[in-house]
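See structure below.
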Amino acid sequence: MAQRAATTLTLNHPVTRTDDTVLRELEFRRPTGRDLRQMGKLKGSQIDQSLWLIAKLTGIGPDETDLLDGEDINRASEIVDGFLSH
């Protein structure tokens, strides 16, 4: 089985975490069927689902996705969309 490539996004607006470390980039793994099934079961808006999937694929916590700048969320969403459209 081929290994799934990861994609790294350098944040335009780094985030300071609660432990005072700075989150400067997100490393995305490719989504699995399980990820997509779990996302489909979530209640909430489309942005809630998108933020959940970003957190799931990068390993950051939901509280950290709340700190991301809108521009970086948009760029992260484009990466996720790219995984799903190929």
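Laid out as a table, the results:
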item	result
Test set (1) over 16 Å from residue 75 (Cβ atoms); (2) at pLDDT below 95 - residue 50 fails condition number	(1)
Unmet criterion (only one of (1) within 10 Å of the chain's Cα centre (by Cα); (2) in contact (Cβ under 8 Å) with a residue 12 or more places away in the chain) for residue 55	(2)
Residues within the range 15-37 that are more than 18 Å from residue 70 (Cα to Cα) and open to solvent by 70 Å² or more (accessible area, probe 1.4 Å), tallied	7
Of all residues making up the range 40-86, the number that are open to solvent by 50 Å² or more (accessible area, probe 1.4 Å), acidic (Asp, Glu) and part of a helix (DSSP H, G or I)	5
Residues (outside any loop (DSSP other than H, G, I, E, B) and among the polar types (S, T, N, Q)) located in the range 1-39	7, 8, 10, 12, 16, 38
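The values are calculated or read from the model by the stated rules, or taken from the named source; none is laboratory data. Because the structure is a prediction, the values reported are computed rather than measured. Backbone-built Cβ (ideal geometry, glycine too); neighbour counts: all protein chains shown. To get the accessible areas, we keep the full protein, side chains included, count just its heavy atoms, and leave off ligands, DNA and RNA. Shrake-Rupley method; radii C 1.70, N 1.55, O 1.52, S 1.80 Å.
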